[in-house]
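Below is one structure; the comments refer to it alone.
Laboratory data are not the source of any read-out in this text; all were calculated from the coordinates shown. Here the structure is a predicted model, which means the values were calculated and not measured. Backbone-built Cβ (ideal geometry, glycine too); neighbour counts: all protein chains shown.
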Number of protein chains: 2
Amino acid sequence: MTGRVTIAGLGPGAEDLVTPQVSAALAEATDVVGYIPYVKRVAPRDGLTLHATDNRVEVERAAHALDMAAEGRRVVVVSSGDPGVFAMAAAVFEALEAGPAAWREIEIDVLPGITAMLAASARAGAPLGHDFCAINLSDNLKPWELIEKRLRLAVEGDFAMAFYNPRSKSRPEGFGRALALLKQACGDNRPIIFARAVSTPEEHILTVPLQQATEEMADMRTVVIVGSSLTRIVERPIGNLVYTPRSVPV
Amino acid sequence: MTGRVTIAGLGPGAEDLVTPQVSAALAEATDVVGYIPYVKRVAPRDGLTLHATDNRVEVERAAHALDMAAEGRRVVVVSSGDPGVFAMAAAVFEALEAGPAAWREIEIDVLPGITAMLAASARAGAPLGHDFCAINLSDNLKPWELIEKRLRLAVEGDFAMAFYNPRSKSRPEGFGRALALLKQACGDNRPIIFARAVSTPEEHILTVPLQQATEEMADMRTVVIVGSSLTRIVERPIGNLVYTPRSVPV
């Protein structure tokens, strides 16, 4: 048997947002590796070993997956959302680069998934309907100054913005600083969307004018979207829609 | 019967990248509306009317969908990729805003899909593994100067970049100008990925150092990804991988 590593995106939470490609990979796996809440989303069955690990051990988890594949196992590494967006794919390649040469002969596939910002955008309307940036607000792995620089440049370029990992218990202050920067830099009162646990039973979507946003509106399960200066709200009796037009006036 | 409009993303091309949520919406539709090649991807069946229209009539197409929904039909508007990323969702909301008040009582859902840059990134490795921008390089609906400004700011912020609509027959020069700007602004020789028709039988992925890129490498079916200054290539006997690490050194 030839081992392989498949790095698969489970999407934001709902079963019907998992692609058939990912479901097929899981059906053929001998081992599933990932962070505890994501591995919980995989149904147990005979012949499948589930390896759930804690957060913040991404590279060790990746090395474990490569090790098992080198022994001939069919390993699926699961991420929520898309594995290439602030998730496990980069961690696997970091482990691969640092590991034994033999690992470079292991077949590796990345299977895309619905990343949180796309699911959140769909729920709100189309706030990412024109040029946008995706920024990880966690400063665990990069200096906070770089986050602030990117926020300022994104505002200067009038991009819509999607923020991952806005706030966690171990990083309570950063998001408040980001919000203060945005309120000052954007000036106007464009919409900001707090999309928590999209497509799960705990889903909660809140849209407010940027100047009314507070840091408590986000937690570690929230993706945050800020419109560009052109982002509009369509008022409806059945719920407002937020969208960014496709055109920019000359 | 209550009409509704569902704006659905068909993903980049492969059947197994269409979410079950989108498949279910298509199974219940009375009408499917969209650009000819996307409507062709929907299987005909009794009770389903397919309305395929040419490109560049997005708002008329959207108005037609809303009109039919107001008459009680269950209309699915199809886009390739994700409908909220340079696709039909914003066009539907533009039509909605400009249309009769009664349209604002029509139920509208947006169903996310695998957008081209995520499928392309997965094929290449994980070049969007850290902060990135998505930019539409078409100047049909915005001034070229804004595209150049956004490119410069994205480079200054050291974002990875994904470019949609890099080049078409009606806009042959823009992409060459964008490439020249990037070669000059990036300085280094970071990887650029030309991902054409990802997940279809015509798929072709080409990765070259930025300084060797030429405009002919892209056409209207290509999504282009440019790494950040930290993007790396993992050399392997079975094909190289491109990824952007999760960490930025202090």
For the protein assembly as shown, whose charge dipole is built from +1 on Lys and Arg Cβ atoms and -1 on Asp and Glu Cβ atoms, the candidate among B:Ala43, A:Ala185, A:Ala62 with its Cα farthest towards the positive end is A:Ala185
Which residues' amide hydrogens lie under 5 Å from the amide hydrogen of B:Thr53, considering only partners 5 or more residues apart or on another chain, with H built in the peptide plane? B:Gly34, B:Tyr35, B:Ile36
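First select every other residue whose beta carbon is under 13 angstrom from the beta carbon of A:Ala25; then total the charges, Lys and Arg +1, Asp and Glu -1.
After counting each charged neighbour, the total is -3.
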How much of the DSSP beta bridge set in chain A is antiparallel, as a percent to the nearest 5? 40 percent
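Given only helices, namely DSSP H runs of n ≥ 4 each adding -39500 (n - 2.57), what is the per-residue ellipticity at 222 nm of the protein assembly as shown, to the nearest 500 deg cm²/dmol? Write down the numbers at each step before the final one.
Numbers: 14 runs with 144 residues, N = 500.
Taken over the protein assembly as shown, the calculation gives -8500 deg cm²/dmol.
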In chain A, which longest range has no trypsin sites (Lys or Arg not before Pro) that are both DSSP loop (not H, G, I, E or B) and surrounded by at most 15 other Cβ atoms within 10 Å? A:57-168
For chain B, rounded, prolate or oblate, judged on the Cα gyration tensor with a ≥ b ≥ c (square roots of eigenvalues), a/c < 1.5 rounded, else prolate if a/b > b/c? prolate
What net charge is computed for the residues neighbouring B:Ala69, neighbours being all others with C-beta under 9 Å from the C-beta of B:Ala69, Lys and Arg scored +1, Asp and Glu -1? -1
Based on Cβ point charges of +1 for Lys and Arg and -1 for Asp and Glu, what charge dipole magnitude is obtained for the stretch A:4-114 about its Cα centre, in debye rounded to the nearest 20? 180 debye
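Pull up the DSSP beta bridges for the stretch A:117-243 and report the antiparallel fraction as a percent, rounded to 5.
Details: 18 of 25 bridges.
The antiparallel proportion sits near 70 percent.
How many percent of DSSP beta bridges within the protein assembly as shown run antiparallel, rounded to 5? Don't skip to the end; give the middle numbers.
Details: 41 of 95 bridges.
Once the DSSP bridges in the protein assembly as shown are tallied, antiparallel ones form about 45 percent.
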For the charge dipole of the stretch A:107-195, defined by +1 on Lys and Arg C-beta atoms and -1 on Asp and Glu C-beta atoms about the Cα centroid, which residue among A:Ala122, A:Phe132, A:Asn165 has the Cα displaced farthest towards the positive pole? A:Asn165
Hey, if you put +1 on the Cβ of every Lys and Arg and -1 on every Asp and Glu Cβ in the protein assembly as shown, which of B:Ala98, A:Ala195, A:Leu151 ends up farthest toward the positive end of that dipole? A:Leu151
Partner chain Cβ atoms within 10 Å, averaged over the residues of B:15-22 - can you pull that number for me? 6
With chain A treated as a Gaussian network of Cα nodes joined by springs under 10 Å, which of A:Val208, A:Val155, A:Val77 yields the largest mean-square fluctuation? A:Val208
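So if I place +1 on the C-beta of Lys and Arg and -1 on the C-beta of Asp and Glu, and nothing else carries charge, what would the dipole magnitude of the protein assembly as shown be about its Cα centre? I want it in debye, nearest 20. Kindly include the intermediate steps, with their values, before the conclusion.
Working: 50 positive and 60 negative charges, 97 e Å.
Here the size comes out at about 460 debye.
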When B:Trp103, B:Trp144 are ranked with the fewest other C-beta atoms within 10 Å first, the list becomes B:Trp144, B:Trp103
Please work out the C-alpha center-to-center distance from the stretch A:105-183 to the stretch B:82-104 and express it in whole Å. 25 Å
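Assigning unit charges at the beta carbon (Lys, Arg +1; Asp, Glu -1) and nothing else, what dipole magnitude in debye, to the nearest 20, does the stretch A:135-250 show about its Cα centre? Mind showing how you got there, number by number?
Values: 15 positive and 13 negative charges, 34 e Å.
Magnitude of the dipole: close to 160 debye.
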Within the set of other residues whose C-beta is less than 11 Å from the C-beta of B:Ala126, count the net charge using Lys and Arg as +1 and Asp and Glu as -1. +1
Are there any GluC sites (Glu not before Pro) in the stretch B:142-237 that are in a DSSP loop and have at most 16 other Cβ atoms within 10 Å? List them by number. B:Glu173, B:Glu202, B:Glu235
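With N set to the residue count of the stretch B:4-114, report its C-alpha Rg divided by 2.2 N^0.38 Å to two decimal places. Before the final figure, lay out each step's value.
Working: Rg = 12.5 Å, N = 111, 2.2 N^0.38 = 13.2 Å.
Its radius of gyration relative to the 2.2 N^0.38 Å reference: 0.95.
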